[in-house]
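A quick write-up on the structure given underneath.
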Amino acid sequence: MATANMEPHLLTAFILVGLGVILLSFEFFLPTGGILIVAGILIFGVAIGVIFVYGTRTEAVVSVIALCVGLPAAGTGFFHAWKRFALKSGLDPEAAGGSITDAMPELSELDQLKGRHGKTVTMMRPSGTIIIDGKRVDAMTEGMMLETNVWVRCVEVKSGRVIVRQVESPEDLSTMTLDDLK
């Protein structure tokens with residue numbers, strides 16, 4: 001057994017590093033606002049201090065490099081593994097070969113609004129409500145503020161958001177009012 005020949009200061013340092021890793025992982029599962037992270041880092045510092053005081057210079061340099069390189073690498077690997085195994089293909093429609101609009105039909109309805117004209121019902125600051133095809137739709141402008149009862153055209157549907165731009169009154173819709181659209 002390797003621990004029988006290991007010097008006591010190295011064994012103590014390994015135990016402290018293990019305890020620090022446990023505290024860091026507990027912070028991931030039990031968010032304490034960083035208290036466990038600070039405690040873990042302090043324990044890592046004590047482990048390095050034990051090696052500096054009781055070990056050789058080579059052991060101290062190797063342990064500092066191992067903690068500074070190994071710990072972030074292990075954390076990155078853990079998060080990538082967590083992300084890969086936590087998402088099931090049923091929860092991620094694109095991983096299952098479908099599209100996001102297959103999983104959320106209301107997004108495909110919004111996609112059909114692209115290019116359509118409507119009127120603002122509320123002030124657009126830059127978001128508000130418009131009426132397109134007789135339906136009230138939450139929308140936002142490209143950054144401009146618009147008054148109520150202004151003609152707009154849907155220029156884009158992005159991430160479930162309807163983006164509109166002010167336009168002159170469309171010729172074929174110029175005689176319509178908001179009451180006609182309800």
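The values are calculated or read from the model by the stated rules, or taken from the named source; none is laboratory data. Only a predicted model underlies this, so the values are computations on that prediction, with no experimental measurement involved. Using ideal geometry, Cβ is built from the backbone for each residue, glycine included, and neighbour counts are taken over all protein chains shown.
When both residues are 6+ apart or on different chains and their Cβ atoms are under 8 Å apart, which pairs have a first residue that lies in the stretch 142-162 and is surrounded by fewer than 15 Cβ atoms within 10 Å (Cβ to Cβ), and a second that is among the polar types (S, T, N, Q) and outside any strand (DSSP E or B)?
Thr148/Thr122
Which one is farthest from Val21 (Cα to Cα), of the residues in the stretch 47-61 that are of a type in the set (Val, Ile, Thr), in a helix (DSSP H, G or I) and out of contact with any helix residue (DSSP H, G or I) (no Cβ under 9 Å at 6 or more places or on another chain)?
The extreme case among them is Thr58.
Residue-by-condition table, conditions (1) free of Cβ contacts under 8 Å to residues at least 24 places away in the same chain; (2) part of a helix (DSSP H, G or I):
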position	(1), (2)
Thr12	no, yes
Val17	no, yes
Ile22	yes, yes
Thr32	yes, no
Leu42	yes, yes
Gly45	yes, yes
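Could you check, for the stretch 83-97, whether at least one of its residues is hydroxyl-bearing (Ser, Thr, Tyr) and either at pLDDT 85 or above or under 30 Å from Lys135 (Cα atoms) (or both)?
no
Being over 19 Å from Ser63 (Cα atoms) and crowded, with 17+ Cβ neighbours inside 10 Å is the filter here, so list the residues in the stretch 3-22 that pass it.
Residues satisfying the conditions do not exist here.
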